[in-house]
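The structure appears below as structure tokens.
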Amino acid sequence: MSATLNTMFSDDTRGAAAAALDPRRTWFLGGVLLLVSHVVTAGLEPGGFLLGISNTLGTVLFAAALVVFALGFSAAGSVTARRPLGTGALVALAVWSLVDLVLDLAGAIPGDIALDVLVTFGYIDTAVQFALAVVAAVQIARAGVVPKPWNWAPAVVVAALTVSWLLQFILQGVMQNGEPAVYLLLSIDSVVRIGGTIFLGVLAIVLATHANRAPIGAPATREPSAR
């Protein structure tokens, strides 16, 4: 009887320890993938064959990071708690970024069909990415997996990108091409996108190293032993 109880408690302890480690593994891997996706994209010399490789690999790594954050190694590590709406939005955003990549590569293929596809896709690309990002960010905030106030970090990044895009869109409509303000906003948009990716990647890694730890000033608690 005693041996049976010890085995049951041991199994429960192992399960609790695994659940405690899962957010750390998930968020650390996702954060690293986000950072590496930026480094790969920006680290190689621009131009020619290397640029095509870096953009492709960077997009694939970015999509992989979104899937890792969405699914986790288990529900405990998923930033959306694997709720269907938020998880589906993150995975769909990852898939959409790969579709975007394929069509970008198709742009190098001459022909009216490829051009028509790219033009049509350009009209809906931004709208779809925005809608999926908003849904994912709100669901991450509502899931309660990421500790407060950092659960709102994705929403803040999406909001910053939205403001940048709206200003760019408005100014392009009222100014002629070549206006300095338009180029300035394009530069700001690029900085916001790059900075947002780096910020979320670093934040995920930092949260991974502090997951399940006691708050500052609170008495430390020991994690369950796996033995």
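Look at residue 159 and say whether it is within 30 Å of residue 86 (Cα to Cα), outside the structural domain of residue 80 (by the TED database), at pLDDT 85 or above and surrounded by fewer than 17 Cβ atoms within 10 Å (Cβ to Cβ). Against the criterion (within 30 Å of residue 86 (Cα to Cα), outside the structural domain of residue 80 (by the TED database), at pLDDT 85 or above and surrounded by fewer than 17 Cβ atoms within 10 Å (Cβ to Cβ)), residue 159 qualifies. All but one of (1) more than 14 Å from residue 208 (Cα to Cα); (2) open to solvent by less than 20 Å² (accessible area, probe 1.4 Å); (3) modelled with pLDDT of 80 or more hold for residue 17; state the number of the condition that does not hold. The failed condition is (3). The C-beta contact set for region 192-206 (first residue under 16 Å from residue 23 (Cβ atoms), second residue open to solvent by 60 Å² or more (accessible area, probe 1.4 Å), distance under 8 angstrom, 6+ apart or interchain) comprises 203/150; 204/28; 205/28.
Entry remark, region 89-101: residues being open to solvent by 30 Å² or more (accessible area, probe 1.4 Å) and touching a helix residue (DSSP H, G or I) at 6+ places or on another chain (Cβ under 8 Å) number 5 in total.
Considering every residue within region 163-174, establish whether at least one is β-branched (Val, Ile, Thr), part of a helix (DSSP H, G or I), open to solvent by 60 Å² or more (accessible area, probe 1.4 Å) and at pLDDT below 75. Yes, region 163-174 contains a residue that is β-branched (Val, Ile, Thr), part of a helix (DSSP H, G or I), open to solvent by 60 Å² or more (accessible area, probe 1.4 Å) and at pLDDT below 75. Regarding residue 70, is this residue open to solvent by less than 30 Å² (accessible area, probe 1.4 Å), of a type in the set (Gly, Ala, Ser) and modelled with pLDDT of 80 or more? Yes: the conditions hold for residue 70.
Just one residue in the set 121, 199 is in contact with a helix residue (DSSP H, G or I) (Cβ under 9 Å, 6 or more places away or on another chain) and modelled with pLDDT under 90; that residue is 121.
The values are calculated or read from the model by the stated rules, or taken from the named source; none is laboratory data. Quick caveat, the model's predicted, so the values are computed rather than measured. As a convention, Cβ positions derive from the backbone with ideal geometry for all residues, glycine included, and neighbour counts pool all protein chains shown. Each accessible area value is taken on the protein alone, full model and side chains, heavy atoms only, with ligands, DNA and RNA left out. Shrake-Rupley method; radii C 1.70, N 1.55, O 1.52, S 1.80 Å.
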